[in-house]
Amino acid sequence: MGLWENLLMGFSVALLPVNLLFCTFGVILGTLIGILPGIGPGATLAMLLPLTFGMNPTSAMIMMAGIYYGAMYGGSTTSILLSIPGEASSVMTCLDGYQMARKGRAGPALGMAAISSFIAGTLSIVAMMLIAIPLASYALRFGPAEYFSLMLWGLSAVAYFQSKSLKKGIIMAAFGIFVSTIGVDILTGVGRFTYDVSEVLDGIDFLIMIMGFFAISEVLLTLETESGREVFRVPLKLRELFPNKQDYKESFGPICRGTVVGFLIGVLPGTGPSIASFLAYGLEKKFSKRAKELGTGIIGGVASPEGANNAAATGALVPLLSLGIPGSGVAAIMLGALIMMKVRPGPFLFQEHPDLVWGIIASMYIGNIMLLIINLPFVPFLAQILRIPYYILYPFILLFSFVGVYSIDYSLFDLWLLLIFGILGYFFRKLDFPVVAAVLGIVLGPMMELALRQSLILSRGDWTIFLTEPISAFLLALLFLTLSSRYIKSIFQWIYSLLKK
Amino acid sequence: MRIKTRIKPIHIATALFLFFGLFIIRESHVLQYWSELGPGPGLLPLLLGIAMSVLAFISMIEILMKRGQNEEAFFSEDGSFKKVGLVMIAYTALTALVNKLGFLLATALFMAFIIGIAERRSWISILTITIFAVAGFYCVFVVLLNVPLPRGIFGK
């Protein structure tokens, strides 16, 4: 089937009443989560994962995608109204958004955040459609060696981008992969690191690590940094929500730049909406006509990062759907959900589950329209959720995680593991050890090991297979460039300084 | 060459990763690295253990060699870590008691502890939020979603 036929098929799936319902639920919940500081889409998806056990995979993924990009919309609300970013991806919006609110222009700022998110989100969905299919078709040529190299590169990229220290990132990735090896080895039936504990013979469910690292540790960290903040005060009357003609004119360039930067960054594994919004804002400082005024309350300073974070959220789904490699921590959770629902992620997804993939793509078009409709008039009302004090919210987050993990296998052992991962996650994040790398490691670990062992069986123990296969060699070259880019940059800087002297 | 000797949490973390990596290497030695059929169950753990211990060792040396750089305190100085500690204790107690007391009673005690001790709220807040939490979880998880939560002292 051609592109348009597939898209129409996708719309026929996305427009089913049950999927529309889940899309609506997802985008509203995502907006609310985005508005609330202290809880992000990662923690929300982690808590909802157990609830998706009995769901249709398409409906579950539509809901999760809705939560993901919905959170990008919602995150701008508190950035603009209170200078408190609802999400890490909305930090840059605080700079100009809050200043606009102080000048009495909160309405146009909120309106432009929604419009910019809509335009960037829609354009990036088109780009995703155009790129994901050829990428998936190309990836069908991948053998075990290529898959192993691809996953290795993806993990390394996450390790590189998620932490100031590459070593810490790789240590965490190794930790995550190690946890995935605990249990009975599928190929040989040998127990690994089980020590006669029957509860771990089947391995450790990645959901427990995801809940511990994302939900529990986030609560603990927020408690430490948010003490003293009680109830948020929210201004209620925001009548003028629509930007004027001059605002649209000034936002055109930033939206375009934000969309391109955001999408490209989002496609890269390990980056995600936060980095995209930082880079987009940085780009505005170089290319905007009003660059000197950035930070004082100009509309471009809102339009660019908001467009970028939505474009990046969509971009992160490209490697997930086409290659089975998540582009961000949240996409890693969605990958985990696919595995849990017995859907094989990777390039075969387009062939084996076209209704799921195209259903998600079509629902994203619908979801973006819903978000624009919801955000423009209703955000001042949705922002009332900020009145809920955090001291009421976080015990519920902890309990939801508790019940969520218990509902996997009704095992007390899992609850102890959740506690351990929660405390470990807290300390890891305090010490700048990126937990996303560990989560990616535990999710990709089994597939990586299988690919490694298959490659070595095919090559009869010859490790050069990873270099003699062209695609694998290319991916390993990318890996080398990624890992050494900081050092290469330092070497060039040193040569430049020598030449200057 | 002076090496900073004051032990910080990052030193402990890298040391723990180093020993953990060495532990993995040792344990993977018990498993086969290779068999007639190909790579064995010990191969990947061995590679992971080597990567972890080497990188942790290098990190530890780098950290020890850093001199007098201004670093943020690990725990915030306003005492908010005490709240974090109390929440960890409460969560541990919840996990330890849930099977014995049952989920609903354990949840009630957990919420009361958090709101009353960790957050130091009024009795009205403690009662209201605790009752709301217990009722809410019962309705959503037991009644609606049919999740068999532990009953503890309230029977099987």
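The values are calculated or read from the model by the stated rules, or taken from the named source; none is laboratory data. Keep in mind that this is a model prediction, so the values were computed, not measured. Heads up, the Cβs are rebuilt from the backbone with ideal geometry, glycines too, and the neighbour counts pull from every protein chain shown.
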Taking region B:18-47 as the search range and keeping residues that are more than 30 Å from A:Arg460 (Cβ to Cβ) and free of Cβ contacts under 8 Å to residues at least 40 places away in the same chain, which one is nearest to the other protein chains (Cβ to nearest Cβ)?
B:Phe20
Return yes when B:Ala90 is hydrophobic (A, V, I, L, M, F, W, C) and facing chain A (nearest Cβ under 9 Å) and no when it is not.
yes
Using the structure shown, decide if A:Leu415 is part of a helix (DSSP H, G or I), modelled with pLDDT of 90 or more, more than 24 Å from the chain's Cα centre (by Cα) and among the aliphatic types (A, V, I, L, M).
yes
Scan region A:210-230 and give yes if some residue there is within 17 Å of A:Leu376 (Cβ to Cβ) and either within 14 Å of chain B (Cβ to nearest Cβ) or at pLDDT 55 or above (or both), otherwise no.
no
Taking the residues in region B:65-87 that are under 26 Å from the mean Cα position of the chain (by Cα) and either basic (Lys, Arg) or under 30 Å from A:Thr188 (Cβ atoms) (or both) as candidates, determine which candidate is modelled with the highest pLDDT.
B:Lys83
Do we have A:Trp463 as modelled with pLDDT of 90 or more and aromatic (Phe, Trp, Tyr) here?
yes
Note on region A:139-177: residues modelled with pLDDT of 85 or more and facing chain B (nearest Cβ under 10 Å) are A:Leu166, A:Lys167, A:Lys168, A:Gly169, A:Ile170, A:Ile171, A:Met172, A:Ala173, A:Ala174, A:Phe175, A:Gly176, A:Ile177
Say we look at region A:344-358 and pick out the residues that are modelled with pLDDT of 85 or more and not charged (D, E, K, R); which of these is nearest to A:Pro50 (Cα to Cα)?
A:Leu356
For region A:282-299, indicate whether the set of residues that are of a type in the set (Asp, Glu), crowded, with 24+ Cβ neighbours inside 10 Å and in contact with a Gly (Cβ under 7 Å, 6 or more places away or on another chain) is non-empty.
yes
Inspect all residues belonging to region A:330-344 and state whether any of them is of a type outside the set (Lys, Arg) and closer than 30 Å to A:Ala109 by Cβ.
yes
Test: A:Ser180 is of a type in the set (S, T, N, Q) and away from chain B (no Cβ under 13 Å)
no
Determine if region A:477-494 includes at least one residue that is among the small types (Gly, Ala, Ser), away from every other protein chain (no Cβ under 14 Å), more than 27 Å from the chain's Cα centre (by Cα) and surrounded by fewer than 12 Cβ atoms within 10 Å (Cβ to Cβ).
yes
Residues being touching a helix residue (DSSP H, G or I) at 6+ places or on another chain (Cβ under 6 Å) and in a helix (DSSP H, G or I) - total across region A:153-186
23
Answer yes or no: is there a residue in region A:296-317 that is closer than 25 Å to A:Val439 by Cα and not in a helix (DSSP H, G or I).
yes
Any idea how many residues of region A:82-127 are under 20 Å from the mean Cα position of the chain (by Cα) and part of a helix (DSSP H, G or I)?
20
Looking at region B:103-136, which of the residues that are more than 10 Å from chain A (Cβ to nearest Cβ) and over 21 Å from A:Val219 (Cα atoms) is surrounded by the fewest Cβ atoms within 10 Å (Cβ to Cβ)?
B:Ile124
Quickly run through region B:42-64 and pick out the residues that are in contact with a helix residue (DSSP H, G or I) (Cβ under 8 Å, 6 or more places away or on another chain), under 30 Å from A:Gly189 (Cα atoms) and in a helix (DSSP H, G or I).
B:Leu43, B:Leu44, B:Pro45, B:Leu46, B:Leu48, B:Gly49, B:Ile50, B:Ala51, B:Met52, B:Ser53, B:Val54
Go through (1) buried (at least 24 other Cβ atoms within 10 Å of the Cβ); (2) more than 30 Å from A:Gly297 (Cβ to Cβ); (3) among the polar types (S, T, N, Q) and name the single condition A:Ser156 misses.
(1)
Which numbered condition B:Val147 misses (of (1) at the interface with another protein chain (Cβ under 9 Å from one of its Cβ atoms); (2) crowded, with 18+ Cβ neighbours inside 10 Å; (3) touching a residue at least 12 places away in the same chain (Cβ under 8 Å)):
(3)
From the list A:Ile62, A:Ile39, which residue is buried (at least 18 other Cβ atoms within 10 Å of the Cβ), assigned to a helix (DSSP H, G or I) and touching a residue at least 12 places away in the same chain (Cβ under 8 Å)?
A:Ile62
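Yes or no, residue by residue, for (1) in contact (Cβ under 8 Å) with a residue 60 or more places away in the chain; (2) in contact with a Leu (Cβ under 8 Å, 6 or more places away or on another chain); (3) more than 10 Å from every other protein chain (Cβ to nearest Cβ):
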residue	(1), (2), (3)
A:Asn368	yes, no, yes
A:Leu372	yes, no, yes
A:Arg387	yes, no, yes
A:Tyr394	yes, yes, no
A:Ile397	yes, no, yes
A:Ser411	yes, no, yes
A:Phe433	yes, no, no
A:Ala437	yes, yes, yes
Filtering region A:445-468 down to residues that are part of a loop (DSSP other than H, G, I, E, B) and either touching a Pro at 6+ places or on another chain (Cβ under 8 Å) or within 12 Å of chain B (Cβ to nearest Cβ) (or both) yields A:Ser459, A:Arg460, A:Gly461, A:Asp462, A:Trp463
Residue that is surrounded by the most Cβ atoms within 10 Å (Cβ to Cβ), among those in region A:175-204 that are charged (D, E, K, R) and in contact with a strand residue (DSSP E or B) (Cβ under 7 Å, 6 or more places away or on another chain):
A:Arg192
Boolean, A:Phe206 is at pLDDT 90 or above and aromatic (Phe, Trp, Tyr)
no
Hey, any hits in region B:48-56 for a residue that's buried (at least 18 other Cβ atoms within 10 Å of the Cβ), facing chain A (nearest Cβ under 7 Å), hydroxyl-bearing (Ser, Thr, Tyr) and closer than 25 Å to A:Leu166 by Cα?
no
Hey, A:Ile442 more than 10 Å from chain B (Cβ to nearest Cβ) and in a helix (DSSP H, G or I) or not
yes
Does region A:389-400 include one or more residues that are under 20 Å from the mean Cα position of the chain (by Cα) and either surrounded by fewer than 23 Cβ atoms within 10 Å (Cβ to Cβ) or assigned to a helix (DSSP H, G or I) (or both)?
yes
